Amino acid sequence: MSQVHEGAAAPSGAHARGADGSRDLRLTGLTKEYATFTAVKSLDLVVPQGEFFALLGPSGCGKTTTLRMVAGLDTPTSGTIHLGDTEITFEKPYRRPVNTVFQNYALFPHLNIAKNVAFGLERRGIKNTRQQVADMLELVELTSQAHKKPTQMSGGQQQRVALARALINKPEVLLLDEPLGALDLKLRRGMQLELKRIQTEVGLTFVHVTHDQEEAMTMADTIAVMNQGVIEQMGAPSELYENPRTTFVANFLGQSNLIAGEIEGRDGDHVKVRVQGAVASVPGDRAHSDSGKGWLGIRPEKVLIAEAGTPIDAPGDVITGGYVTDVSFVGVSTQYSVMMPWGQELTVFEQNTGARSMLPVGTKVDISWRPEFAFLLDASQDAKAGIEDD
Amino acid sequence: MTSTAGVPPVSTDDTTAAKPRGRKLTGYWLILPGAVWLLLFFVIPFYSLVASSLFDPKGSVLTGYEMTWHVGNYVDAFNQYKGQLGRSLLYAGLATLTCLVVGYVLAYAIAFKAGRWKNLMLVLVIAPFFTSFLLRTLSWKLILADDGWVVGVAQAIHLTDVLNIIGLTTTDDRLLATPFAVIAGLTYNFLPFMVLPLYASLEKVDIRLIEAAGDLYASPMRGFFKVTFPLSLPGVVAGTLLTFIPAAGDYVNAQLLGSTNTKMIGNSIQSLFTTQGDYATAGALSVILMVIIVAAVMAYVRTAGTEELV
Amino acid sequence: MTRARRWIGEHLVLGLGLLVLAYTFVPIAIVVLMSFNDSSTSRNVYKFQKFTWDNWLHPGSWADGMADSVWLSIRIALLATVVATALGTLAAFALVRHRFAGRSAANLIIFLPMASPEIVMGSSLLALFVSAGFGGQLGFWTILIAHIMFCLSFVIVTVKARLSGLNDNLEQAAMDLYATEAQTFWRVTFPLVLPGIVGAALLSFSLSFDDFIITNLNAGQEVTFPMFVYGANQRGVPMEVNVIGTAMFVISIAVVLGNEIVRRRQEKALAA
């Protein structure tokens, strides 16, 4: 198979295409077992060509193992990996049209920046790499640094070199393993936009592994949330956030209030659930369970709060009897902890519109939310799944 | 997880560049030449040594030796050479102790006080290795010469008197050809073996811990003994071993700087082998030295190890 | 007063450390000095008598056997270095990069020669050679065998340290960038481990060139340079041995400094 040799220089040309002509990345039943645990469990996944795809999950969830199997650095225990119609499951890493930006960049310390960037081209016997290297360094804005050694550069610069070194090969799929993890917050925000710009410009498939939900949501077209070796949910960032299917996603992506309830059953295109004496109805497409016990979920910023007895601008039921146990002012919003009559603390974010002053601790309050913002999850799941300790 | 039909079974031992690299056999092939060399010329010779220590002592190089399992060689060798053995351990011990004190100062200075001169000072520590060990030892003959200024100064400050009283010198007008000279030579020659491990472990000590100690214990001295020194113990252990072991087996210093009254066990072993041709006794002495050293090292590491835990 | 005291307090340890360093250099200074000593009037006293260039300028008048002993030491050191570096580097790769049964035993066997007294290793080897019937053939080859043996451990430890400090991500990155296994080794692994191998080779050379105790027991009739010095001590030391000592020192310092200068210049050129 000589696909790398022809392919990487002109990625769209010579390859066998999928049935619909695309070069999607397809993982089928992909599994990686180690002696003591299973890192990835029968993963099925299609990453459409040209998409910015994020694998999001806590450390140890199997996302990096998945990435390494695609790169050829780990061998799957079972399952297959296809690029279009070409199977690459057991292909050597140097024979796949796939390149990686490593977590700590893995720049060659004995080669200067230009040599680092030219490495992939030279290994494939391409002469006169000078122009391509120059173009690539320009893309990542490092033209003046070409003759420095990696150790003489800042973290952000090293990150861009790693990106250039991978991109110059015009891989069909670019893998990014926590590429921004080592950068400080401000630089990270800048690089997120930069990465997104470059991806749009070159139009390659990016598979981006991260544990940072904000980073995934900022950049990715599609996010797959991974937990304990399986994909919990996959979809566009807004879809995952607004309509999580599992408690893990509800907690890992943002924050959620999960209130225990008894599901009464479907009623038209809504599902009714009895929560602490009141009955709430959840839109059918947001109800991921329709019998037995359930978790009624609502995002903190969707909850409206008002001093007891004053009107709340919401069509839903007003739940009374709470009182404020904690207030933190974070500028754009005020975050309240409210103790409810049934002994659960709910979190409420109120946008800092200035319409009302902060409610002090101990204030008796009523809360409410629009029923269409709630979601309903199966109660067999741990309500605390996905809450990070730190 | 069931494996998908048609996929070759792949063990967790990866075939690609991943973690447990290389197949098992490659490792064996790579280490084989070196391991065989050490086996043939380091391990097996020990058996030969032990064997020769059990030869019939009546044999000689010329007539050949007979294996008679003559354990009595050990008793004879020990009785005959216990003076040299004791001297070796004493001289090596004193030299190690001096190295520890002097070397600690130097290692501490390099680790915490040298600033940008750190690397240069490290090179200077090993610089003596750049020239001949024997020539440097010979130089001490000149330094300690009877009419040299070192002897003069030592007399002026009554150091020679003190050395006389504790028995490291015999008269008050000479340093050369005394136990003092031998110990000084050993100290000098093995100092870098002490400094380097000390430096390595001191360098790992977090400077903030020392500052915190300064904050908690009023005096820097107390801070040093409560924090810095305990943290550098691994270096102290490594350094003392690396100094003591070669010093105990050395005979060059005793030969060049000492007298017939300062002979160490190495002198005896070497002359028994090369000039007297008494392999049985020489073998027994070598084994005795090795056993004493191994026992001392084990006892020492055990004590130092428990202290470290406290 | 207090300021002066504080200054002394700050610099006391450094000052003492420098004193210790200075002390280690006194014998070296004497070696250099004595290489210019004219000892023609009295050979029996090891002291400075008269300045001369003769020791340096007239190798022809060197004591009998000295030049031969130096040449022998150089040949043995070169050969021992080549073999020990090659075998040791392979072994280091095996130990760092491969898992196999008996690794810990191998590590122990490698560690022991560094922790054994030379006199014991030397006499063991001699016992082996004699019992194997080579007692009469002690000489060049037995010295070489011994030197390779004790250099090996130092090479393995040095290369191992360099190799295990190497981030294995780099090799994966190379493979990811289309380098085959062989290319990965020669383009990435080897250049990165090379400084360790060179260091190990230099160490081997100096260990071998300078060894006395083990060599003396296994040399038969051959005389290496350290043996020559030791023997000369009993007859009166010819001053030209210090020429060799000084040359060794100057060459070693030049190698170290040259290395450092090249490194700094590269850094400077890159930074500019």
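Just to be sure, is B:Gly148 surrounded by 14 or more Cβ atoms within 10 Å (Cβ to Cβ) and more than 13 Å from chain C (Cβ to nearest Cβ)? No: the conditions fail for B:Gly148. Quick check: is even one residue across the range A:318-338 in a loop (DSSP other than H, G, I, E, B) and in contact (Cβ under 8 Å) with a residue 24 or more places away in the chain? Yes: the range A:318-338 contains one or more residues that are in a loop (DSSP other than H, G, I, E, B) and in contact (Cβ under 8 Å) with a residue 24 or more places away in the chain. Checked against the criterion of being among the basic types (Lys, Arg) and open to solvent by less than 10 Å² (accessible area, probe 1.4 Å), the candidates A:Arg197, A:Arg165 yield just one match: A:Arg165.
Summed over the range B:122-144, residues that are open to solvent by 10 Å² or more (accessible area, probe 1.4 Å) and either facing chain C (nearest Cβ under 7 Å) or on the phi > 0 side of the Ramachandran plot (or both) total 9.
Looking at B:Asp76, B:Asp56, just one residue is under 18 Å from B:Tyr279 (Cα atoms), open to solvent by less than 80 Å² (accessible area, probe 1.4 Å) and away from chain C (no Cβ under 12 Å), and that residue is B:Asp56.
Return yes or no: is C:Gly139 modelled with pLDDT of 90 or more, on the phi > 0 side of the Ramachandran plot and surrounded by fewer than 17 Cβ atoms within 10 Å (Cβ to Cβ)? So C:Gly139 passes the test. Looking at this structure, is A:Ser337 among the polar types (S, T, N, Q) and either more than 14 Å from A:Thr325 (Cβ to Cβ) or not assigned by TED's automatic domain parsing to the domain that holds A:Gly265 (or both)? The answer is no for A:Ser337. Yes or no: C:Val82 assigned to a helix (DSSP H, G or I) and away from every other protein chain (no Cβ under 12 Å)? In short, yes.
Considering the range B:191-306, the qualifying helices (runs of 4 or more DSSP H), each wholly inside and each with 1 or more residues that are within 30 Å of C:Val229 (Cα to Cα) and more than 10 Å from every other protein chain (Cβ to nearest Cβ), run over B:233-249, B:252-257, B:265-271.
Residue count for the range A:351-365 under the criterion of being open to solvent by less than 80 Å² (accessible area, probe 1.4 Å) and in contact with an Asp or Glu (Cβ under 8 Å, 6 or more places away or on another chain): the result is 3. Considering the range A:108-122, and only residues there that are at the interface with another protein chain (Cβ under 8 Å from one of its Cβ atoms) and either among the aliphatic types (A, V, I, L, M) or in a loop (DSSP other than H, G, I, E, B) (or both), the residue that is least open to solvent (accessible area, probe 1.4 Å) turns out to be A:Phe108. Picking from residues in the range B:164-212 that are within 23 Å of C:Leu19 (Cβ to Cβ) and of a type in the set (Ser, Thr, Tyr), the one that is surrounded by the fewest Cβ atoms within 10 Å (Cβ to Cβ) is B:Ser201. Scanning the range C:188-212 for residues that are open to solvent by less than 10 Å² (accessible area, probe 1.4 Å), assigned to a helix (DSSP H, G or I) and away from chain A (no Cβ under 14 Å) turns up C:Ala200, C:Ser204, C:Ser208. Going by the structure shown, is C:Ile148 at the interface with another protein chain (Cβ under 9 Å from one of its Cβ atoms), under 13 Å from the mean Cα position of the chain (by Cα), β-branched (Val, Ile, Thr) and closer than 30 Å to C:Phe225 by Cβ? Here the answer is yes, as C:Ile148 does meet what is asked.
For (1) within 23 Å of the chain's Cα centre (by Cα); (2) over 22 Å from C:Leu78 (Cβ atoms); (3) assigned to a helix (DSSP H, G or I), each residue gets a yes or a no:
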{"position": "C:Ile119", "(1), (2), (3)": "yes, yes, yes"}
{"position": "C:Ser124", "(1), (2), (3)": "yes, yes, yes"}
{"position": "C:Phe129", "(1), (2), (3)": "no, yes, yes"}
{"position": "C:Gly133", "(1), (2), (3)": "no, yes, no"}
{"position": "C:Trp141", "(1), (2), (3)": "yes, no, yes"}
{"position": "C:Leu152", "(1), (2), (3)": "yes, no, yes"}
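Against the list (1) touching a residue at least 12 places away in the same chain (Cβ under 8 Å); (2) at the interface with chain B (Cβ under 8 Å from one of its Cβ atoms), the condition C:Phe129 fails is (2). Of the residues making up the range A:185-203, those that are under 18 Å from the mean Cα position of the chain (by Cα) and among the hydrophobic types (A, V, I, L, M, F, W, C) are A:Leu185, A:Met191, A:Leu193, A:Leu195.
The residue that is nearest to the other protein chains (Cβ to nearest Cβ), counting only those in the range A:134-155 that are within 20 Å of C:Ala179 (Cβ to Cβ) and part of a helix (DSSP H, G or I), is A:Pro150. How many residues are open to solvent by 20 Å² or more (accessible area, probe 1.4 Å) and under 30 Å from the mean Cα position of the chain (by Cα) when one looks only at the range A:292-306? Count: 5.
Inspect the range A:325-341 for any residue being open to solvent by less than 70 Å² (accessible area, probe 1.4 Å), of a type in the set (Phe, Trp, Tyr) and within 29 Å of the chain's Cα centre (by Cα) and give the result as yes or no. Yes: the range A:325-341 contains one or more residues that are open to solvent by less than 70 Å² (accessible area, probe 1.4 Å), of a type in the set (Phe, Trp, Tyr) and within 29 Å of the chain's Cα centre (by Cα).
Entry remark, the range C:1-22: residues being closer than 22 Å to B:Ser132 by Cα and within 8 Å of chain B (Cβ to nearest Cβ) number 2 in total. Free of Cβ contacts under 8 Å to residues at least 24 places away in the same chain, in contact with a helix residue (DSSP H, G or I) (Cβ under 6 Å, 6 or more places away or on another chain) and surrounded by fewer than 22 Cβ atoms within 10 Å (Cβ to Cβ), is that true of C:Leu170? Criteria met by C:Leu170. Only one entry of C:Ile156, C:Ile119 meets the criterion of being within 8 Å of chain B (Cβ to nearest Cβ), farther than 23 Å from B:Leu272 by Cα and in contact with a helix residue (DSSP H, G or I) (Cβ under 7 Å, 6 or more places away or on another chain), and that entry is C:Ile156. Against the test of being surrounded by 19 or more Cβ atoms within 10 Å (Cβ to Cβ) and either touching a residue at least 40 places away in the same chain (Cβ under 8 Å) or more than 9 Å from chain C (Cβ to nearest Cβ) (or both), the options A:Gln131, A:Gln103, A:Gln158 yield a single qualifying residue, A:Gln158. Each residue in the range C:95-111 was checked for being at the interface with another protein chain (Cβ under 7 Å from one of its Cβ atoms) and either without any contact (Cβ under 8 Å) to a residue 12 or more places away in the chain or polar (S, T, N, Q) (or both), and 4 of them qualify.
Scanning the range C:229-265 for residues that are in contact (Cβ under 8 Å) with a residue 24 or more places away in the chain and either among the aliphatic types (A, V, I, L, M) or at the interface with chain B (Cβ under 9 Å from one of its Cβ atoms) (or both) yields a total of 13.
The values are calculated or read from the model by the stated rules, or taken from the named source; none is laboratory data. All of these numbers come straight from a predicted model, not from anything done at the bench. Note: ideal-geometry Cβ built from the backbone for every residue, glycine included; neighbour counts use all protein chains shown. Only protein heavy atoms, including side chains, enter the accessible area calculation; ligands, DNA and RNA are left aside. Shrake-Rupley method; radii C 1.70, N 1.55, O 1.52, S 1.80 Å.
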